[in-house]
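First up is the structure itself, then whatever we jot down about it.
The values are calculated or read from the model by the stated rules, or taken from the named source; none is laboratory data. Everything numeric here is computed off the predicted structure, so don't read it as measured data. Positions of Cβ are generated from backbone atoms using ideal geometry, with glycine treated the same way; all protein chains shown enter the neighbour counts.
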């Protein structure tokens with residue numbers, strides 16, 4: 001499942017970040033910010049217009065990600081971890 | 001060694017409290033400049049340690065990673081690595097990490113350590129960490145990292161004592177430098193997890209207060225309502241406190257000029273001092289209160305952590321016209337004055353988004369346009385009621401504001417489709433914990449903004465004001481002249497020349513002439529029109545004179561012109577200063593001129609056809 005499809009509040013774990021194109025700087029930045037295998041994530045809030053951007057809790061930090069950015073992150077339900 | 005200077009670079013993630021720590025260490029003794037050739041701020045301060053050694057501290061821009069994604073991060077990386085041209089490599093790097101956010105911040109600490117330079121880790125916000133029940137085994141963390149670790153509380157007096165003692169002692173040995181490649185980057189995360197598991201106990205991942213506040217401030221309905229209330233209060237304050245002070249300063253200088261005039265013989269020198277010098281300084285300083293009041297709120301909102309929340313709420317809306325959520329506050333500030341708006345774009349890290357915001361900001365209807373609008377609307381638009389409730393004058397004023405916003409959206413949309421760089425630029429914005437803003441940090445920020453404005457702009461604006469004065473004064477009226485002196489001046493000639501360009505949009509030579517001093521500051525257009533139409537400055541008399549002299553079509557055209565025109569030169573000067581490029585000044589001036597001309601042309605021709 002993609003992080004952009006994760007329902008609000010549902011606990012999940014990061015699988016990996018996929019490059020949207022070759023040497024994708026946004027994907028690399030997501031990895032640097034802690035979107036790496038096994039890291040718990042949760043959608044905390046969504047923007048008022050079109051449900052964009054998403055507010056993601058990862059580690060001890062909250063990041064606002066646009067849907068296109070969150071779509072790079074592949075996640076799995078926490079139970080599977 | 002005790003008399004020598006030690007160069008220290010402060011680095012850390014954004015929101016780690018690094019700048020507060022810098023302020024605590026150096027107090028007001030800071031030098032703010034730009035790195036050569038880029039518009040990234042370089043902040044340096046000095047501090048004398050108890051041993052008598054002088055510590056020279058460089059506050060580097062916040063960075064998440066050395067795999068730089070913005071000019072800020074490139075500079076931080078290059079200065080730390082000692083290969084930024086013109087910067088001496090620091091003797092010691094103090095890496096600041098937020099003790100409540102170590103999962104993110106420790107990774108950067110490890111990245112800094114790999115540079116192979118002497119590093120001290122400052123665990124900041126230790127007070128907040130303790131109150132949240134976070135326990136950190138500092139000696140064990142220090143042992144595992146192989147770095148000296150000190151605890152700091154940047155927002156408390158004496159909160160940097162341990163850090164000062166540490167940096168005043170021996171410089172710690174550098175860890176061996178390690179290569180930077182993709183595999184080792186992934187490895188850093190594993191190391192951070194290991195460190196956290198061994199040294200940090202965290203009862204819960206987030207602060208309960210943040211969760212509670214965000215539930216309201218980010219709520220789709222209440223969040224937007226709260227934002228609207230906050231913005232309303234900011235604008236009330238700007239008009240209640242900033243505007244009267246601006247008027248007071250302008251009036252004060254006019255009064256002072258009048259007294260100086262009495263001491264001098266009449267002539268060109270007196271006119272230069274009174275109209276050029278005092279008038280010019282009054283105009284420049286008159287901007288200051290509005291700028292300071294706006295920046296007080298911008299800094300307070302930024303420090304408190306609310307600004308990124310506002311950006312979160314509005315990102316989608318701004319993205320649809322090629323901007324980012326971060327553009328919203330600078331654009332809103334531009335409704336008071338474009339100068340603080342453009343200066344406020346520094347909070348946008350992405351250079352492309354920042355430039356787009358700067359180019360659009362002057363289209364927001366600033367307060368200086370109101371006197372012109374008031375004059376023309378009062379004179380030409382009858383007090384009539386539309387649908388029985390709306391005053392037509394109010395409707396026209398509202399339409400002019402709306403015209404500015406719609407124009408800005410159009411320009412944003414066009415720029416989005418025209419620019420060569422069509423790549424996706426990320427939002428990826430951290431929403432930091434809420435914090436109570438510290439008076440000292442806000443005060444230092446305000447002082448810096450005020451000084452940037454006064455130091456960099458006073459010269460330019462004053463020079464241009466004197467030039468405007470020269471054009472409107474020389475050559476003087478001949479003996480027995482019947483027309484006002486300005487008719488015979490260079491400005492008069494230019495105005496007559498310009499009327500050929502402006503005739504298709506309905507401006508006669510008097511209006512064309514008034515546009516010249518209006519370039520110094522929009523509100524002076526009213527005074528200039530009064531001069532050329534030989535009325536004594538009374539707005540009411542001028543209004544009546546105008547109704548007799550120019551048709552309705554020209555008046556409407558002039559209103560629309562002021563909504564879009566490339567004006568005031570202070571705005572153009574700040575664009576030069578903030579983008580360090582004359583090209584951007586030319587682009588701003590050019591597109592706004594074309595836009596104003598086109599819109600005025602349509603309005604003039606359509607109105608003429610209808611009336």
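Couple of notes before you dig in:
The rows are residues; the columns are (1) in a helix (DSSP H, G or I); (2) within 19 Å of residue B:269 (Cβ to Cβ).
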| site | (1), (2) |
| --- | --- |
| B:467 | yes, yes |
| B:472 | yes, yes |
| B:476 | no, yes |
| B:480 | no, no |
| B:499 | yes, no |
| B:504 | yes, no |
| B:512 | yes, no |
| B:517 | yes, no |
| B:529 | yes, no |
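- Number of positions in region A:41-52 that are more than 7 Å from chain B (Cβ to nearest Cβ) and outside any strand (DSSP E or B): 1
- Boolean, residue B:446 is touching a helix residue (DSSP H, G or I) at 6+ places or on another chain (Cβ under 8 Å), closer than 30 Å to residue B:13 by Cβ, loosely packed, with under 15 Cβ neighbours inside 10 Å and more than 14 Å from every other protein chain (Cβ to nearest Cβ): no
- Of all residues assigned to region B:267-283, at least one qualifies as being within 21 Å of residue B:361 (Cα to Cα), surrounded by 20 or more Cβ atoms within 10 Å (Cβ to Cβ) and within 22 Å of the chain's Cα centre (by Cα).
- Residue B:186 at the interface with chain A (Cβ under 8 Å from one of its Cβ atoms), out of contact with any helix residue (DSSP H, G or I) (no Cβ under 7 Å at 6 or more places or on another chain), closer than 27 Å to residue A:15 by Cα and not in a loop (DSSP other than H, G, I, E, B): yes
- Checking region A:27-39 against the condition returns no match, with no residue being crowded, with 22+ Cβ neighbours inside 10 Å and farther than 14 Å from residue B:189 by Cβ.
- Tally, over region B:77-88, of residues that are in contact with a helix residue (DSSP H, G or I) (Cβ under 8 Å, 6 or more places away or on another chain) and either surrounded by fewer than 20 Cβ atoms within 10 Å (Cβ to Cβ) or not assigned by TED's automatic domain parsing to the domain that holds residue B:191 (or both): 2
- Across region B:69-97, the number of residues qualifying as without any contact (Cβ under 8 Å) to a residue 12 or more places away in the chain and farther than 24 Å from residue B:346 by Cβ comes to 1.
- Test: residue B:228 is within 13 Å of another protein chain (Cβ to nearest Cβ) and over 30 Å from residue B:129 (Cβ atoms): yes
- Any hit, region B:157-170, residues being more than 38 Å from the chain's Cα centre (by Cα), part of a loop (DSSP other than H, G, I, E, B), in the same structural domain as residue B:95 (by TED's automatic domain parsing) and within 29 Å of residue B:55 (Cα to Cα): yes
- Output for region B:449-467, where each listed residue is buried (at least 16 other Cβ atoms within 10 Å of the Cβ) and modelled with pLDDT of 75 or more: B:449, B:452, B:453, B:466
- The single residue among B:171, B:135, B:167, B:153 that is surrounded by 18 or more Cβ atoms within 10 Å (Cβ to Cβ), touching a residue at least 60 places away in the same chain (Cβ under 8 Å), in contact with a strand residue (DSSP E or B) (Cβ under 9 Å, 6 or more places away or on another chain) and more than 10 Å from chain A (Cβ to nearest Cβ) turns out to be B:167.
- Among the conditions (1) part of a loop (DSSP other than H, G, I, E, B); (2) free of Cβ contacts under 8 Å to residues at least 12 places away in the same chain; (3) away from chain A (no Cβ under 13 Å), the only one that residue B:143 does not satisfy is (1).
- Filter result (at the interface with chain B (Cβ under 10 Å from one of its Cβ atoms), surrounded by fewer than 23 Cβ atoms within 10 Å (Cβ to Cβ) and within 21 Å of residue A:21 (Cβ to Cβ)) within region A:53-71: A:67, A:68
- Qualifying positions in region B:48-68 - without any contact (Cβ under 8 Å) to a residue 24 or more places away in the chain and either within 14 Å of chain A (Cβ to nearest Cβ) or more than 29 Å from residue B:186 (Cβ to Cβ) (or both): B:48, B:68
- Selection count, region B:373-432, where residues are on the phi < 0 side of the Ramachandran plot and within 14 Å of chain A (Cβ to nearest Cβ): 11
- Residue count, region A:1-26 (criterion: in a helix (DSSP H, G or I) and either facing another protein chain (nearest Cβ under 10 Å) or exposed (fewer than 15 other Cβ atoms within 10 Å of the Cβ) (or both)): 3
- Selection from region B:201-225 of residues that are at the interface with chain A (Cβ under 9 Å from one of its Cβ atoms), part of a helix (DSSP H, G or I) and touching a residue at least 40 places away in the same chain (Cβ under 8 Å): B:210, B:214, B:223, B:224
- Number of the condition not met by residue A:75 [criteria: (1) in contact (Cβ under 8 Å) with a residue 60 or more places away in the chain; (2) facing another protein chain (nearest Cβ under 10 Å); (3) within 8 Å of the chain's Cα centre (by Cα)]: (2)
- Enumeration of residues in region B:101-132 that are within 12 Å of chain A (Cβ to nearest Cβ), in contact with a helix residue (DSSP H, G or I) (Cβ under 8 Å, 6 or more places away or on another chain) and either within 21 Å of residue B:35 (Cβ to Cβ) or crowded, with 23+ Cβ neighbours inside 10 Å (or both): B:102, B:106, B:107, B:111
- Hey, residue A:38 within 11 Å of another protein chain (Cβ to nearest Cβ) and assigned to a loop (DSSP other than H, G, I, E, B) or not: yes
- Residue count for region B:559-585 under the criterion of being over 22 Å from residue B:40 (Cα atoms) and out of contact with any helix residue (DSSP H, G or I) (no Cβ under 6 Å at 6 or more places or on another chain): the result is 2.
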